[in-house]
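Just so it is clear, none of the values below were taken in a lab; they were calculated from the coordinates. Everything numeric here is computed off the predicted structure, so don't read it as measured data. Quick reminder, even Gly has a Cβ in these numbers, built from the backbone with ideal geometry, and neighbours come from all protein chains shown.
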Amino acid sequence: MPELELRDRGDLTQALLDNEIWPDDLVAEAGIPVHDVPLVTVGGGIGSFVLVDYLRIAGAPTADIRVLSNIDHPWQTYEYLTRVSQIPGPERIRSDSSSRPDNIWGFPSYALSEAWRERTLRPLAHVLGEPIFADYWTPRVGDVFKSMARESARIGYPKMLVKGVARMVRRRAGGGYFTVLTPPAATGPTKRVAYRSRFVHLAVGYPGLRFLPDLQEFREKYGDFTRVVNAYESHEHVYEALRTRPGTVMVRGGGIVASRVLQRLMDDRERYGLQTKIVHIFRTFVTGAHGPHLWSRRKGGDGWAYQGFNYPKSVWGGQLKAKMRRLDGAERAAEYKRMGGTNTPKRRRWQQQMRDGRDGGWYEASQGIVERVEPAADGTLVSLVAGDAGTRKVGADYIIDCTGLEADIAEHRVLADLLAHGGAGRNPLGRLEVERHFEVKGTASGDGALYATGAATLGGYFPGVDTFLGLQIGALEIADDLARRGFGRRIGPVRSTAQWVRWAFGRPVREG
Amino acid sequence: MVPVLSGRIQTRLVLLLIVGSAVTAVVTPLVVAGYRTTFAVLAGVAVLGVGWELLYHLLMQFRWEKDWPSLFGLLTAVPEGLLLWLLLDAGLVPTVDTAPPLAAYAIHFTAVWLAVWLVANGPMRVPFLRWRFRGGRLA
């Protein structure tokens, strides 16, 4: 059975696991097949997609890039997360009109494209009035995916995609890196394959979700996964049950997902004439404008901190971006703290729904820290809530955790290995420490470089990393750094304009 | 584009020089004015504009987002246009002895302003890929 022997052979050996820097012959001895390519990007989500988009436009051929991923389309994970957190295709996401992952120029903006497609000036008038006379205009999530599919075909993304689960990235003796991939079962002769490349980019997304400790304890103790749910996991059954029987839902959290979940509960209430009651618990209850001084005050009220996008708009290009770029260590952490905190946009529709709920006595919001959740004798859930007015018991039929706590980056296998063996370190917020050009500090290998973008790098010199525009800003920094190192060309005004014309006419990006 | 102070000034000067000059060249014969006058007006928008940008930058500090909505970029035409007209009328703009007719001035000023505003709100990003991420700085 030679094939089986090869499968056994083509795996990680103790020698490989023990060595932080791998000579070529060590990998060869393990029987792991090696593929050579100048650059690999690990993840295959929107972070990988936008980097590849820049690099293709900068002149890199498809043969020079491989995307190692366990998903088929870059927007697949995002689509799942938006759907379960109550943003189906026709709904609009919280993203600026000119933050387009399918268009490195952000022109035409989503609003202009929608106006053109639907032959109406309404989106443009809306953008003109924002944020003073209208809420921020934001694109429909379905349109975002459609335009990404078009760009994916235009740059030849499917040709660069290699399916599998990335296991680790190790530095190579002599420069560059080995990225170990586990291909889908029974698709190759060996258990692992390795990509030998001069450059590696990691865009592995959120390392995982973390539950609020009291909810985690409840789920583990009582084995109840249906009544205590996380908004980022599928929880459609809660809405369905409420349609068959009136109930009380406790919503925890003060961010955009809490807003979305409330909207769904309130929409259903209105649409189906339900009697759903909502108890909303904020750990930090914001009563009005807040901030240290007159030049640093964020709007707020009724529990919420209000902000159009997840950071103040100037982090993506204005003075906050310029300021943060100069800060290190404790100073940087302090600045993150000043402008951070959970927040949500102040949308007129949501305001109206909450007002109706308060007036009708079926929506109640308060400050509190939940100490414990227990099942009551009547089959409901009782939360022990410590608040300004002492500890009280709050009953509910369902609890939806909308806090969106994220797991530590070391929960991700590739990042854990990189921290343990790759020379990477943590930034003031505990995530991966990257340079201003998104190279992971401490991981250089000969003439090679390892970069990272996205949520894993939050806390760096640039704050808005886990957003469409943030991924593009990171990708442009990387593309420019790669051009300096001879991979691809720097996109100057002439190339930029010529490539934009190709984009506008839907013409494919040429090879080389 | 969310501006920083130097980006505001650079963007204004470059767009007035390129877009503003092109529009002025086309509009001047249409409004039956002299090139000397219309280009002096254009230069006035640029020079006074540096002062205006300082004021806008100060006002922007009161905004939590530290942004400058597109609408503001359009509406600031009103105070800027009025001030420049008052200066023209008072004979305080160098090289312009007699103010142009109000209608000619209004058409020229509005055409330049709209063109610059439109270019700054989109097409500018096509040749200058990094401009919007650098707070409007070109240099």
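Here's how it looks for residue A:201: its modeled amide H is under 5 Å from those of A:40, A:41, A:42, A:451, which are all 5 or more places away or on a different chain.
The residues packed around residue A:459, meaning those with a beta-carbon under 10 Å from its beta-carbon, carry a net charge of +2 if Lys and Arg are +1 and Asp and Glu are -1.
Pull out a ≥ b ≥ c, the square roots of the eigenvalues of the alpha-carbon gyration tensor of the protein assembly as shown, then state rounded if a/c is under 1.5, prolate if not and a/b is larger than b/c, and oblate in the remaining case. Taking the square roots of the gyration eigenvalues as a ≥ b ≥ c, the protein assembly as shown is oblate. Mind jotting down the distance between the C-alpha centroids of segment A:33-77 and segment B:54-119, whole Å? Using only Cα atoms, the two centres lie 47 Å from each other.
Helix B:21-30 axis versus longest C-alpha principal axis of chain B: approximately 30°, rounded to the nearest ten. Straight-line reach from residue B:66: taking Cα to Cα under 24 Å and skipping same-chain neighbours fewer than 8 places apart, the lysines in range are A:299, A:313, A:321, A:323, A:337, A:346. Amide H to amide H, with H built 1.01 Å from N, residue A:161 comes under 5 Å of A:67, counting only residues 5 or more places away or on other chains. With helices as the sole contributors, chain A gives -10000 deg cm²/dmol at 222 nm; each DSSP H run of n ≥ 4 counts as -39500 (n - 2.57), and the sum is divided by every residue. Phi angles across segment B:117-126 convert, under the Karplus curve 6.51 cos²θ - 1.76 cosθ + 1.60 with θ = phi - 60°, into 3J(HN,Hα) values of 5, 5, 5, 5, 8, x, x, 4, 6, 5 Hz, Gly and Pro given as x.
Please average, across the residues of A:307-314, the number of beta carbons from any other chain that are within 10 Å of each residue's own beta carbon, and give a whole number.
Per residue, the number of nearby Cβ atoms from other chains is 4 on average.
For the peptides A:93-100, A:218-225, A:494-501, the ranking by mean Cβ contacts within 10 Å, running from highest to lowest, is A:93-100, A:494-501, A:218-225. Maximal additional length on extending the residue A:225-residue A:173 stretch stands at 13.9 nm, based on 0.36 nm per residue less the C-alpha distance.
Once the Cα atoms of helix A:493-504 and of chain A are each reduced to a long axis, what angle between those two axes, in degrees from 0 to 90 to the nearest 10, is obtained? Compared with the principal axis, the helix lies near 60 degrees.
For chain A, the longest principal axis of the alpha carbon atoms and the long axis of helix A:141-154 meet at an angle near 10°.
The mean of 1/r over all distinct Cα pairs in segment B:5-131, once inverted, gives the Kirkwood hydrodynamic radius of 15.2 Å. Cross-link reach is defined here as a Cα-Cα straight distance under 29 Å, omitting same-chain residues fewer than 8 places apart; for residue A:393 the lysines meeting it are A:221, A:277. Of the chymotrypsin sites (Phe, Trp or Tyr not before Pro) found in segment A:335-376, no site is in coil according to DSSP while having at most 15 other Cβ atoms within 10 Å of its Cβ.
Take A:305-311, A:418-424 and order them by the average number of nearby Cβ atoms within 10 Å per residue, most first; the result is A:305-311, A:418-424. Per-residue shielding of A:100-106, expressed as the average number of other chain Cβ atoms within 10 Å of the residue Cβ, stands at 3.
Ordering A:186-193, A:285-292 by mean Cβ neighbour count within 10 Å, with the highest value first, yields A:186-193, A:285-292. Other protein chain C-beta atoms within 10 Å of residue C-beta, averaged over B:131-138: 5. The distance linking segment A:398-477 with segment A:221-264 is 30 Å (Cα centroid to Cα centroid, whole angstrom).
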